[in-house]
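What follows is calculated from the coordinates using simple rules that are stated; it is not laboratory data. Owing to the predicted nature of the structure, the values given are computational and were not obtained by experimental measurement. Cβ placement follows ideal geometry from the backbone for every residue including glycine, while neighbour counts extend to all protein chains displayed.
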Amino acid sequence: MKKNLWFMSMLIPFILIILVSCSNGTSEEEQGIETKEATYFKADNYTMLGEENKVGFILNENEDLVANKPNKYMWHLWGNEDFEEKDFKVTGVNLDTNDEETIVTSAIAGPNNGADAHIPSNMNFPSEGVWELSVFVGGELFEKISVEVL
């Protein structure tokens, strides 16, 4: 009996160490991607909202993102990556309510408007507030931006 107890007391910590060391280590913090507040910038003849030279979508400065008002938006990507034909996904979290939504799922198209890739999309935010958008390219986190939805 004592032998079994000793064995179990040694086995459980060993299993815990193995489980902890097997984590994939791909949390957003470990990837070094912090949320940036989206800003307006110019690309070709368009005004975009996002992170300049990284990710953005066409939106004039006098336009607002409005809750429960679906609209078309053209996303653009910049970078050294081969974007074409990869999956594109944007998930959002309303920082006021912690509601989570998938905002966009689509395939990436080729260069457009000075960007390395573009994605036509429809977006709808179900509630007002500040939304943290996580942009995924080919299943990998690419960038995080925050936007205000009225």
Quiz prompt | Net +/- balance of residues flanking residue 108 in space, Cβ distance below 12 Å, scoring K and R +1, D and E -1 | solution = -4
Quiz item: Taking amide hydrogens as modeled 1.01 Å from N in the peptide plane, which residues meet the under 5 Å criterion relative to residue 104, leaving out close sequence neighbours?
Solution: 90
Quiz item: Quick one: Karplus J couplings for the range 105-121, per residue in order, coefficients 6.51, -1.76, 1.60, θ = phi - 60°, nearest Hz, x for Gly and Pro?
Solution: 9, 6, 9, 8, 9, x, x, 6, 6, x, 9, 6, 7, 9, 9, x, 8
Exercise. Please compute the net charge surrounding residue 69, taking Lys and Arg as +1 and Asp and Glu as -1 over other residues with Cβ under 12 Å from its Cβ.
Key: -2
Practice problem: Starting from the Cα of residue 107, step 7 Å along the direction of its Cβ; do the same at residue 127; then give the gap between the two resulting points in nm. | Solution: 3.5 nm
